[in-house]
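The values are calculated or read from the model by the stated rules, or taken from the named source; none is laboratory data. All values derive from a computational prediction rather than experimental measurement. Glycine also receives a Cβ, built like all others from the backbone with ideal geometry; neighbour counts cover every protein chain displayed.
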Amino acid sequence: MLRSVLSKTGAGRSIALLPSACSLATAGTLALIGTVSTAGIAAAHACSNATLRGTYTLAETGWSVSPGGAAPISLAGFDVYDGAGTGTGAVTVNANGVVIYDNTPVTSTYTISEDCTGTIVFNVAGNLIHFNVYVSPSGDQLRLVRTDPGIVISETETRVSRR
C-alpha cells in the first residue's frame, strides 16, 4: 500500500502526509485515554473521615534511628475509628527487647481526604505519634508511614468489624 502511495503522489509528499496522520491518531488516542483514566480515578476514590469506621487490628515493625545506632521496635494492638475523625484503642510496644507500653490505651484524631490519603495522630500515654495514611476506598485496610524524626516504621491496619 505504501508503495502505491509513493508512486502516485511522489516521495516528498507521502512522507509529509504519513507523520501528520500518525500525529492525529496519536493525539486522538491520548485524548481518549486521558478522559477514561480521569473518570476511573474519580470513581475509584471517594474517601472521607467516614471511610474509617469500625475495629481494625494492627501490627508494625521498624527501627528507632539515632547517631549512636539503631534499635528495633515492634507493636501490636487495635484501633476503633468512629467515622468522624477520632478513635480509641490499645497497644503493646516493645523497643529493643523492652516492653514500654503494655495494652496501653490509645486515642487518635484523623483526617482523610477524598483521594484516600490523610494523617493520623495517636496519643499513647501522652506521647503524640504522627503518621501519613493511605486508605483503601472500601475502608477495609489502611497503610501508615510514621513521620516523626528518628523513627522508621510502616504499619498495616485491617478492619475486622464495622462496629
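Numbers at a glance
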{"item": "Subset tally (residues that are surrounded by 13 or more Cβ atoms within 10 Å (Cβ to Cβ), over 23 Å from GLY69 (Cα atoms) and either of a type in the set (Val, Ile, Thr) or out of contact with any strand residue (DSSP E or B) (no Cβ under 8 Å at 6 or more places or on another chain) (or both)) for the stretch 127-157", "result": "4"}
{"item": "Selected residue (only one of VAL80, VAL91, VAL98, VAL124 is of a type in the set (A, V, I, L, M, F, W, C), surrounded by fewer than 16 Cβ atoms within 10 Å (Cβ to Cβ) and modelled with pLDDT of 95 or more)", "result": "VAL98"}
{"item": "Answer from SER113, SER66 - the residue that is closer than 16 Å to ILE151 by Cβ and among the hydroxyl-bearing types (Ser, Thr, Tyr)", "result": "SER66"}
{"item": "Residues being farther than 17 Å from GLY97 by Cβ and in contact (Cβ under 8 Å) with a residue 60 or more places away in the chain - total across the stretch 66-77", "result": "0"}
{"item": "Number of positions in the stretch 138-163 that are among the hydroxyl-bearing types (Ser, Thr, Tyr) and at pLDDT below 95", "result": "1"}
{"item": "Criterion (surrounded by 13 or more Cβ atoms within 10 Å (Cβ to Cβ), within 16 Å of the chain's Cα centre (by Cα) and in the same structural domain as THR147 (by TED's automatic domain parsing)) met by exactly one of THR107, THR119, THR57", "result": "THR119"}
